[in-house]
Amino acid sequence: MTAHPRVLPDPAWAIGKHALMNLAVRLRNGRTEIDPSSWRIPYQWQGTHYQDNDDQPFLLLINSGGGFVEGDTAHLHATLDPGSRALITTTAASKFYKCPSGETSAEHITIAVGAGALLEYCPDEAIPFAGSRVLRRTRIDIAEDSRLFATDMISAGRIHYGRSGEAFDFHALDSEFVVNLDGVPLIIDRQMATQPDEVAALARMWDGACHQATVIIWGDLPEGIEDRIEQTLDGLGGVKAGASRQGRLLSCRILAAETWMCHEAIHEVWKHVRPALAGKPARLIRKC
C-alpha cells in the first residue's frame, strides 16, 4: 500500500469552490475511529456512527453545496491504518451541473488501505447533467491482505427530467476508477467521452441502459461465488450484468434501466460477499 500525505489547501482556492476532506482511519480503544485531520467547505464533517453496533464506523460524506457548479473541485483523501475497518458512503448522488462557460467540474477520491484493513466504499451515483463537463478520478491503494468492497456508479443524466429526459446530454465525461495493489495497477476502469461522437459511442456501449456500475472486491472469497452472483443478477429485471474472478479479485459490471435497479444489483453483490469480507451480513445503510 502507498501511504498518502495529507493534502493542504492551496491559498489560491476560492472559498466554496474547492472542497477538501482529509481523513485518518485509526484503531483506538479497541475500535476503529475516523479523525478528520482537516476539511474545507463545501465538504462538511458531522461525525460517524456505528450502524452495525460493532467497531466499524460508517461515514456519510456531506457536500453542502448540493452538487458541482461549473469549475467546482472536490478532494477526499483517506488513509486506513493496518487492521482498521470503515465504510464510506455519501448522503446523496454527486450532481454535476451544466458548464456554460466551458470549464470542468472535478471530483478526486484517493484512499490508502493498510495491511489487514477493510474498506467498504459505497458512494451514490454520479449524475452529469445536460451541458456538464465532468472529470472524476478515484484511486484506491490496497495491500495484499487488505479487504475491499468498492463501487463506482454513473448515471447518463437526469433520465426522467422534463418530457424527454437528459440521457447522454452532457458535453464531456472523463471518469477513471483505479485500484492499485502494492503500487501496481490491479484494475483501471475508464469511461471517457469528451466529444459528441464519443458520447454517442458511450450510449451505444451501454446498450440502452441509463445507469452503469462497476463493483470491485478484493479478499478471500468462497469458491464459485462469481457464478452465484451472476445467477442472482440475471434474475433481476431491467439489469444486465456479469462477474469475473481472478484469485482474490472479483469484479462486476452492471447496466440498468433505472437508478433503483442499479442500486438493488449492487446491494445483491454486497449480500453475497460481505459475510466473507466483514464477517457480517449486508444491510441497508441509514442515511438520515
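Computed from the coordinates by the stated procedures, all read-outs in this text should not be read as laboratory data. As the structure is a computational prediction, the values presented were derived from the model and not from experiment. Note that we place each Cβ from the backbone using ideal geometry, even for glycine, and neighbour counts take in every protein chain shown.
The residues Arg228, Arg158, when put in order of fewest to most other Cβ atoms within 10 Å, stand as Arg228, Arg158. Of the residues Glu226, Glu258, the one with the fewest other Cβ atoms within 10 Å heads the list, and the complete ranking is Glu258, Glu226. Our compactness index for segment 90-205, the C-alpha radius of gyration over the empirical 2.2 N^0.38 Å, is 1.18.
Calculation over all alpha carbon pairs of segment 65-129 in 10 angstrom steps from 0 returns a P(r) of 19, 42, 25, 12, 2 percent.
Calculated [222 nm] ellipticity per residue, helices only, for the chain: -4500 deg cm²/dmol; basis is -39500 (n - 2.57) per DSSP H run with n ≥ 4, divided by all residues, nearest 500.
When the C-alpha to C-alpha distance is required to be over 26 Å, the pairs from Lys95/Lys240; Lys95/Lys287; Lys17/Lys271; Lys98/Lys271 that qualify are Lys17/Lys271; Lys98/Lys271.
Counting only Cβ charges, +1 for Lys and Arg and -1 for Asp and Glu, the dipole size of segment 216-288 around its Cα centre is about 400 debye. In terms of surrounding Cβ atoms within a 10 Å radius of their Cβ, Trp218, Trp206 rank from fewest to most as Trp206, Trp218. Ellipsoid fit via the Cα gyration tensor, segment 1-100: semi-axes of 27, 16, 10 Å, each the root of five times an eigenvalue, largest first. Per the Debye calculation on segment 18-278 with a single equal scatterer at every Cα and no solvent contribution, log₁₀ I(q)/I(0) for q = 0.12, 0.16 Å⁻¹ amounts to -0.71, -1.27. In segment 215-281, the inverse of the mean reciprocal separation of distinct Cα atoms equals 11.9 Å; this is its Kirkwood hydrodynamic radius. When only C-alpha pairs under 8 Å and at least 6 residues apart count, what is the relative contact order of the chain, in percent? Relative contact order comes out at 13 percent. Remark: segment 177-262 projects, on average over all directions, an area of 6.7 nm² (convex hull of Cα atoms).
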